[in-house]
Amino acid sequence: MSSFLPVCSPLLAGKELDYVTQAVSSGWISSSGKYVGEFEKAFAAYCGSKHGIAVCNGTVALHLALTALGIGPGDEIVIPDFTMIASAFAVCYAGAMPVFADADPETWNIAAASAEAKITPRAKAIMPVHIFGNPCDMTALRRIASKHSLALLEDAAEAHGAEFGGKKAGTLADIAAFSFFANKNVTTGEGGMVVTNDDNLASACRYYKNLCFPPDAPREYLHRDIGFNYRMSNLHAAIGLAQTEKANEYRSLRIRNGRLYRERLREIPGIVLQAEQKDGLGVFWMNGVCLRPEVYGRTRGELLARLRENGVDTRVFFNGMHRQPALKKYGCDCAGQYPVSDLLADNGFYLPSGSGLQEADIDRVCALIKEFRRK
């Protein structure tokens, strides 16, 4: 068998080891070390944002942003039905209710018309997710949010360096949340960050993330609000700073991978690729395929088994939020129709997508897909 191709491996090609070694040598391994602040400044600057607030993962970054926006029980947040469960769980952590909108059949992002149709008097925010690093139509979503006096929160967990209208993800809404999980374009292993240009939202995030200690006052150990321990360690931030220094390079590698996959797969009958957003620049966090079995001649399960036999790792797409037992138990309205989300969940899968992927690896994957088709 050829060498095994994981679905997504981190690329650690910068000063990660140097910075982590310095952090360990200094003894500052908790959240008080210098790398936390340096990483926050560097990543916020990369996004073009004024403030960065580092936290321990992307899910809590979303929860922290929702808390800063004042979201709580009785509120509704419109989110994509087709997304990772963390998007919905963060809303639940805030005590609010996630409300689902179907996906656009071309871009696979939240469909603006579906999102607007789900707005009720209880709605307080729209939370678009840039699926697989493909930016949403933020012009349409901003228009809807303004029309209904709603906050706009970007779930940019998969979209480091993505752009819409010439502006980077993280600056396209009132506030945004990123994940730095190991498979992300910029990683800290585990970690997240909230970014915003709003001074008040940034101050609230810093306050709530650290057990509601006053950020700029002596510690009296009197806590006036319920806060969270969402701090990022200096060790994780050291990795994040090194990654951010190479973020443009890693973005270029992911975009190259995406272009190569598109060149090789677009002519294979039954292989449907995610459409790039008009006025957007996607960063191909994952290269997804939605199979049309009746055209390709094989089921998704058959194709994934063949790829696995030949050393190619894959992952199936998320199941839609309306299918999630935990969200039904929580009280979400899961009774609607989500045909695009269902189609993607039943037929979609990722191909190997790491920044360190070689052109020969992509050739190998695409050749297997082409050869296995039943004509």
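Table for the structure above
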quantity	calculated
Order of MET84, MET232 under a 10 Å beta carbon neighbour criterion, fewest first	MET84, MET232
About the Cα centre, charge dipole magnitude for the chain (Lys/Arg +1, Asp/Glu -1 at Cβ), debye	400 debye
Cβ-based charge dipole, the chain, positive-most Cα from PHE132, LEU327, GLY311	GLY311
Alpha-carbon centroids, segment 293-325 and segment 84-106: separation in whole Å	23 Å
Relative contact order, percent, the chain [alpha-carbon distance under 8 Å, six or more residues apart]	24 percent
Per-residue HN-Hα couplings for segment 220-229 [Karplus 6.51, -1.76, 1.60; θ = phi - 60°; Hz; x = Gly/Pro]	9, 6, 10, 10, 8, 9, 7, x, 9, 9
Using alpha-carbon coordinates, inclination of helix 247-265 to the longest axis of the chain, degrees	20 degrees
Charge-dipole axis of the chain as Lys and Arg at +1 and Asp and Glu at -1 on Cβ define it, positive-most pick from PRO6, GLY280, GLY336	PRO6
Point-charge dipole on Cβ atoms (K/R +1, D/E -1) for segment 248-372, about Cα centre, debye to 20	160 debye
Sorted by Cβ neighbour density within 10 Å, fewest at the top, the residues PHE4, PHE317	PHE4, PHE317
Ranked TYR296, TYR208, criterion: other C-beta atoms within 10 Å, fewest first	TYR208, TYR296
The chain: angle of helix 16-26 to the longest principal axis, Cα-based, in degrees nearest 10	30 degrees
Protection proxy ranking of 236-246, 343-353 - average other beta-carbon atoms within 10 Å, highest first	236-246, 343-353
Nearest-ten-degree value, helix 234-245 long axis tilted from longest Cα axis of the chain	60 degrees
C-alpha center-to-center spacing [segment 209-252, segment 334-375] in angstrom	35 Å
Percentage relative contact order, segment 49-117, counting C-alpha pairs under 8 Å, at least six apart	30 percent
Residue pairs, from the table LYS50/LYS167; LYS167/LYS278; LYS184/LYS209, whose Cα atoms sit over 25 Å apart	none
Three-way shape label, the chain, alpha-carbon gyration tensor, a/c 1.5	oblate
Highest-first arrangement of 100-111, 170-181, 302-313, 8-19, where packing means the average Cβ count within 10 Å	170-181, 100-111, 8-19, 302-313
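FYI, it's all coordinate maths here, none of it is from the lab. None of these values were measured; they are calculated from a predicted model. Positions of Cβ are generated from backbone atoms using ideal geometry, with glycine treated the same way; all protein chains shown enter the neighbour counts.
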